[in-house]
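S.K.: One structure, pasted below without further comment.
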Amino acid sequence: MSTRRDTTTALDDSRLPVRAKLVAAWTSVMFLYAYVDILAFFVPGKIDDILVGVVFEFDITQTLMTVFLVLMAIPILMVVLSATLPARASRITNLVVASVQIPYAMFNVVGESWTYYYGLAVVLEVVLLVVILRLAWTWPRRVASPATAVTGTHEAPLQTQRH
């Protein structure tokens with residue numbers, strides 16, 4: 001006599017480490033910046049302005065393009081820094097950079113006639129940056145166990161999993 005097994009099982013909802021969440025959030029910010037700029041080429045007159053050497057109200061120069069590159073490099077580098085810096089440095093860096101990026105994101109809507117498009121872009125960017133701030137601010141603290149207190153913070157005791 002055989003028993004029928006329930007084939008439906010709960011999905012594994014393992015917790016994602018804070019670093020992975022930060023990397024995902026900065027990657028989203030990076031893609032959002034890039035795609036907002038790419039889609040902006042469809043705004044009537046945008047390419048005409050670029051062809052005559054003007055972006056927003058600025059003449060296109062090597063200095064302007066270097067500034068744009070630096071601004072775009074910030075979220076790109078934050079992907080790597082969030083994953084590789086020590087926890088304390090990553091937390092501080094994320095808090096500082098995300099805080100600075102919020103006013104920068106808001107500046108992008110100033111003077112634009114397409115307020116729905118750029119307004120939505122700014123709202124999405126700010127939401128992602130607030131998520132980054134929250135993740136960094138609430139980064140879990142490691143609770144020192146008696147074993148780690150004896151071995152030190154850099155040496156993890158050897159543990160085996162038991163089922």
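S.K.: If I ask for residues that are open to solvent by 20 Å² or more (accessible area, probe 1.4 Å) and not small (Gly, Ala, Ser), which ones from the stretch 17-27 would you list?
M.R.: Pro17, Val18, Arg19, Lys21, Val23, Thr27
S.K.: Scan the stretch 133-147 residue by residue and report those that are assigned to a helix (DSSP H, G or I) and over 17 Å from Lys21 (Cβ atoms).
M.R.: Selection gives Pro146, Ala147.
The values are calculated or read from the model by the stated rules, or taken from the named source; none is laboratory data. Just so it is clear, the structure is predicted and the values come from calculations on it, not from any experiment. Backbone-built Cβ (ideal geometry, glycine too); neighbour counts: all protein chains shown. The protein model used for the area step is the full one, side chains on, heavy atoms only, and it has no ligands, DNA or RNA in it. Shrake-Rupley method; radii C 1.70, N 1.55, O 1.52, S 1.80 Å.
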